[in-house]
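To start, the structure itself, in structure tokens.
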Amino acid sequence: MINHVSIGAKDINAARRFYDVALKPLGYKCLSESSSALGYGDKSAQFWVYAAQSPVPANEQSGLHFCLDAPSRKSVAAFHDAALATGGRDNGAPGLRADYGEGYYAAFVVDPDGYRIEAYHQE
């Protein structure tokens, strides 16, 4: 249903450093770039980061988060480790989430701009 999603970042270079490293274990890379935009995906850019003077303010009560498919449990854990090593904050260690469904394995981080990002693998 959703073709792509876009978020804003105050510092596009910092966002690039974060997302290049954090998304690599999931098989995603920067496929499109300019001085004001980055497009990530595997075959086509589906997750866009734009330079923005006023990105949407982080609000943990909003319910907003982005969930990205992961090819394996190992890649979920690698995503979490990579995100924390490049300026992200922990928002849920890798593990099964029985309350989300049987075989739902995920990890949660908060990026440098406050966006909540989830990596998810279904077994």
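The values are calculated or read from the model by the stated rules, or taken from the named source; none is laboratory data. In this text the structure is predicted, and so the values were computed from the model without any measurement. Cβ atoms come from the backbone with ideal geometry, glycine included; neighbour counts cover every protein chain shown. Just the protein is used for accessible areas: all its heavy atoms, side chains included, with ligands, DNA and RNA removed. Shrake-Rupley method; radii C 1.70, N 1.55, O 1.52, S 1.80 Å.
Restricting attention to the stretch 38-47, which residues are surrounded by 14 or more Cβ atoms within 10 Å (Cβ to Cβ), without any contact (Cβ under 8 Å) to a residue 40 or more places away in the chain and more than 15 Å from residue 119 (Cα to Cα)?
Within the stretch 38-47, 38, 39 meet the criteria.
Could you grab me the full set of residues in the stretch 6-37 that are open to solvent by 40 Å² or more (accessible area, probe 1.4 Å) and of a type in the set (Val, Ile, Thr)?
Hit for the stretch 6-37 is 21, nothing else.
Among the residues of the stretch 48-55, is there at least one that is in contact with a helix residue (DSSP H, G or I) (Cβ under 7 Å, 6 or more places away or on another chain) and in a helix (DSSP H, G or I)? Working first, answer last.
First, the residues of the stretch 48-55 that are in contact with a helix residue (DSSP H, G or I) (Cβ under 7 Å, 6 or more places away or on another chain): 49, 51.
Next cut, in a helix (DSSP H, G or I) only: none.
No: the stretch 48-55 contains no residue that is in contact with a helix residue (DSSP H, G or I) (Cβ under 7 Å, 6 or more places away or on another chain) and in a helix (DSSP H, G or I).
Kindly indicate whether residue 68 is of a type in the set (A, V, I, L, M), within 14 Å of the chain's Cα centre (by Cα) and surrounded by fewer than 16 Cβ atoms within 10 Å (Cβ to Cβ).
So residue 68 does not fit the description; no.
Pull up the stretch 61-93, narrow it to residues that are assigned to a loop (DSSP other than H, G, I, E, B) and closer than 14 Å to residue 118 by Cβ, then point me to the one that is modelled with the lowest pLDDT.
Once the filter is applied, the top-ranked residue is 63.
Within the stretch 93-108, which residues are of a type in the set (Ser, Thr, Tyr) and surrounded by fewer than 16 Cβ atoms within 10 Å (Cβ to Cβ)?
Hits for the stretch 93-108 are 100, 104.
In the stretch 49-60, what count of residues is obtained for those that are at pLDDT 95 or above and either open to solvent by 90 Å² or more (accessible area, probe 1.4 Å) or not aliphatic (A, V, I, L, M) (or both)?
1
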